[in-house]
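Student: One structure is given below, represented as structure tokens, and several questions about it will come after.
Each reported figure results from applying straightforward, stated rules to the coordinates on display, with no laboratory input. Predicted model, so just to flag it, every value in this text is computed and none were measured. With ideal geometry, Cβ positions are generated from the backbone for all residues, glycine too; neighbour counts draw on all protein chains shown.
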Amino acid sequence: MEHIRNFCIIAHIDHGKSTLADRLLDMTNAISEREKMDQVLDNMDLERERGITIKSHAVQMYYKFEGKEYTLNLIDTPGHVDFSYEVSRAIAACEGALLIVDASQGIQAQTISNLYLALEHDLEIIPVLNKIDLPSANPEEVSDQIIDLIGCKREDIIPASGKTGQGVDKILEAIVKRIPAPKGDPNAPLQALIFDSVYNPYRGIEAYFKVVNGTIRKGQRVKFMATDKVYNADEIGILQLKQYPKDEISAGDVGYIVSGIKDAREVKVGDTITSADNPADAPIEGFEEVKPMVFAGVYPVEIDQYEELRSSLEKLRLNDASLTFEPESSAALGFGFRCGFLGMLHMEIVQERLDREFNMDVITTVPNVSYIAYMKKDPTVPVKVNNPADFPDPVKLDRIEEPYIKAQIISKSEYVGSIMKLCIDKRGILKNQVYLTSDRVELTFEMPLAEIVFDFYDRLKSISRGYASFDYYPIGYRESDLVKVDILINGDPVDALSALVHRSNAYDIGRKMCEKLKELIPRQQFVIAIQAAIGSKIIARETISALRKDVTAKCYGGDITRKRKLLEKQKEGKKRMKQIGSVEIPQKAFLAVLKLN
Ligand code: GTP
């Protein structure tokens, strides 16, 4: 055990985590030429294209130092806020972390939020000043930032470049010298922490774990403590890009287990694997069920593809346990599903995978967060509201709560004014303001999550010219004054366009929704009234005038009765369409509320 080092890399997006990881693998000869690809760790197509490490993985390397061979386990962490619980579990499996900071960009929001997670778990931090080969690198200033942030000595910072390989040997050395060996008792009852899992269509779920105490053996009966299910450890092993089966893995080390599990929901990140016959007294602490934070209706564009959509979602859920869905129906869109996502990026990923892997064309409705309602008749019982359609009758409502987040924003100081204004507009409360250097500021806000869902990130980027970085984590529910804004098209409410909003914003949003829909709905043969309403009260209205198709154009000079007949007919046509409300609403209108300025 004293020759094992478990570490992760924490970095802001694009600061070079994957490139450096490749270099480490390269220098320790963990990759054969044939396996070498640009970014071996990102093995999903989608990940490579987007340059985002969506799913975390683990990989083992061997490194000789002062005559001794060390086993280095690199536990990769996903780089996006939507997956912050997975990041926290990966960090919990490590004793040390490389803190990578791009020498031209400096410290960014995610550097800090992940660093806090690492410090919470008492990880040894090795600061790395990356991309020093860049002409725009600013090593002095960025080193100052790092020193201010973690209070290290200047000589502790390793200047490096994942691109040229400079400094990478120093990093390997520091991993061995500075990161402590794992602690744990190989003879105690088994406790292995699951920090990730992936779905393999042939073998089922592969769970990645770190053995905290005890020893796991091939063929052993194991119990997953959160689900209380028992399986056979059909295969266990270690990962070096490929899997190498082993007979046993002991305390301190990292590995995978395959046990014939077919559904991702049975393997929960953060759960503890123990022995079924000699179980540990307690699981490793810190387990949480991941809960979806953002909900949206997902409907097939073609109505008859409902069953196909269901089976596609079921297959997706086999390898993405954080996706939830249940059937719902909409008068406007027919039959579909209310899906729960970890966040907006997760929602985009699911949408894209439905399209790519299952060839499903879907309409996604306006996303909303999950609210908690308490009714007057029993104000102690929380009722989840994941869909505007389920918003309770305000008369019967005692109170309603919405999820809040803590937002960390780092920006150049010249943009502080506009960022403050944006956050306050979004009902944010400024909690802290710290100057990292003379022209870089860290702002901390508490804000409703719902306000982040609505185009916050795009606007932050645009007012800061791309200089602001942003990260957040949930801080619980708070009471709020919410109303449901309905949209009526020619008097008929279109359920898929309803939104839950704060009362103070309702008029503004209602008005902007109507304006936006007026832009998006094409003129038709008849007048279209677009109204926003709270209950029975109309709060905004727009009108799309009729496109008067001149049906008489072709009968110039002709007989007047024929002309009149045609006009009659046209009027009737208008009436019929109005009656059945067959206004053609384009798809993009269902997401209009996201694009309000
Ligand atoms: P995410 O997975 O999205 O968080 O990104 P990442 O942190 O893994 O960054 P990645 O390794 O994908 O690198 C981002 C970009 O920076 C790529 O275009 C790399 O080629 C480039 N890059 C990475 N390391 C270096 C370096 O040391 N020097 C220079 N000049 N460019 C680098």
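Student: P(r) for the stretch 294-365: what percent of alpha-carbon pairs falls in each 5 Å bin, starting at zero?
Tutor: 3, 18, 33, 29, 13, 3, 0
Student: Just how far, in whole angstrom, is the stretch 59-109 from the stretch 251-269 if you go by their alpha carbon centroids?
Tutor: Between the Cα centres of the stretch 251-269 and the stretch 59-109 lies a distance of 20 Å.
Student: Moving on to the next point. Just going by the charge dipole of the chain, with Lys and Arg at +1 and Asp and Glu at -1 on Cβ, which of Ile534, Ile194, Ser504 is farthest out on the positive end?
Tutor: Farthest towards the positive pole: Ile534.
Student: Grab the Cα-Cα distance for Tyr244 and Leu119, subtract it from 0.36 nm times how many residues apart they are, and report the gain in nm with one decimal. Each step should come with its number before you reach the end.
Tutor: Values: separation 125, 0.36 × 125 = 45.00 nm, distance 3.22 nm.
Gain on stretching Tyr244 to Leu119: 41.8 nm.
Student: Could you check the simple spin-label distance between Arg221 and Lys431, using points 7 Å along Cα→Cβ, in nm with one decimal?
Tutor: The answer from the label model is 4.7 nm.
Student: Any chance you could get the radius of gyration and Dmax over the Cα atoms of the stretch 125-219, in Å?
Tutor: Over the stretch 125-219's Cα set, Rg and Dmax evaluate to 19.5, 55 Å.
Student: May I ask you to evaluate 6.51 cos²θ - 1.76 cosθ + 1.60, the Karplus curve with θ = phi - 60°, for each residue of the stretch 430-442 and list the ³J(HN,Hα) values in order in whole Hz, giving x for glycine and proline?
Tutor: Per residue, the Karplus-derived 3J(HN,Hα) values read 5, 10, 7, 9, 10, 7, 6, 9, 5, 10, 10, 10, 10 Hz.
Student: By the scheme Lys and Arg +1, Asp and Glu -1, what is the net charge of all other residues having a beta-carbon under 11 Å from that of Ala533?
Tutor: Details: positive: Lys484, Lys537, Arg541; negative: Asp486.
Computed value for this residue: +2.
Student: With +1 on each Lys and Arg Cβ and -1 on each Asp and Glu Cβ, how big is the dipole of the chain about its Cα centre, in debye rounded to the nearest 20?
Tutor: About 3040 debye.
Student: Another question, if that's okay. Quick check on the stretch 175-292: take the gyration tensor over C-alpha atoms, sort the square-rooted eigenvalues as a ≥ b ≥ c, and tell me if it's rounded (a/c under 1.5), prolate or oblate.
Tutor: Judged from the Cα gyration tensor, the stretch 175-292 comes out rounded (a/c under 1.5).
Student: Using the structure shown, select from Lys131/Lys170; Lys291/Lys426; Lys406/Lys426; Lys218/Lys246; Lys17/Lys131; Lys384/Lys512 the pairs with a Cα to Cα distance greater than 18 angstrom.
Tutor: Lys291/Lys426; Lys384/Lys512
Student: For the chain, take the longest principal axis of its alpha carbons; what is the angle in degrees between that and the long axis of helix 560-579, to the nearest 10 within 0 to 90?
Tutor: 40
Student: Would you mind pulling out the separation of the Cα centroids of the stretch 136-163 and the stretch 341-420, in Å?
Tutor: Measuring centre to centre over Cα atoms gives 38 Å.
Student: Relative to the longest principal Cα axis of the chain, at what angle does helix 306-319 sit, 0 to 90 degrees, rounded to 10?
Tutor: 20
Student: Using Cα pairs under 8 angstrom and six or more residues apart, how large is the relative contact order of the stretch 186-298, in percent?
Tutor: Answer for the stretch 186-298 is 33 percent.
Student: Still on this structure: Rank-order 3-14, 340-351 by packing density, defined as the average count of other C-beta atoms within 10 Å over each peptide's residues, highest first.
Tutor: In descending order of packing, they fall as 3-14, 340-351.
Student: Check Ile585: other-chain or 5+ apart residues with amide H under 5 Å from its amide H, H built from backbone geometry?
Tutor: Under 5 Å from the amide H of Ile585 lies no amide H from a residue far enough along the sequence or on another chain.
Student: While we're here: Given Cα pairs under 8 Å that are at least 6 residues apart, what percent is the relative contact order of the chain?
Tutor: 9
Student: Another one. For the stretch 320-396, compute the orientation-averaged projected area of the C-alpha convex hull (one quarter of its surface), in nm². Don't skip to the end; give the middle numbers.
Tutor: Numbers: hull surface 25.6 nm².
The number I arrive at for the stretch 320-396 is 6.4 nm².
Student: A further question on this structure: Determine the calculated [θ] at 222 nm for the chain from helices alone, applying -39500 (n - 2.57) to every DSSP H run no shorter than 4 residues and normalising by the residue count; nearest 500 deg cm²/dmol.
Tutor: -8000 deg cm²/dmol
Student: Considering the alpha-carbon set of the stretch 329-472 alone, what are its Rg and its Dmax in angstrom?
Tutor: In Å, with Rg to one decimal and Dmax whole: 18.8, 56.
Student: Still on this structure: Where does each of 109-116, 267-274, 168-175 land if you order them by average Cβ count within 10 Å, highest first?
Tutor: Numbers: 109-116: 21.2, 267-274: 24.9, 168-175: 18.4.
By packing density, highest mean first, the sequence is 267-274, 109-116, 168-175.
Student: When ranked by the protection proxy of mean other Cβ atoms within 10 Å per residue, highest first, what sequence do the peptides 404-416, 421-433 form?
Tutor: 404-416, 421-433
Student: Sticking with this one: Give the whole-number value, in cubic angstrom per residue, of the convex hull volume spanned by the C-alpha atoms of the chain.
Tutor: In the chain, the Cα convex hull volume per residue is 195 Å³.
Student: Compute the distance from the alpha-carbon center of the stretch 198-226 to that of the stretch 440-500, in whole Å.
Tutor: 39
Student: In degrees from 0 to 90, rounded to the nearest 10, what is the angle of the helix 416-425 Cα long axis to the longest principal axis of the chain?
Tutor: Rounded to the nearest ten degrees, it is 60.
Student: Run through the stretch 297-355 and list the trypsin sites (Lys or Arg not before Pro) located in a DSSP loop whose Cβ has at most 16 other Cβ atoms within 10 Å.
Tutor: none
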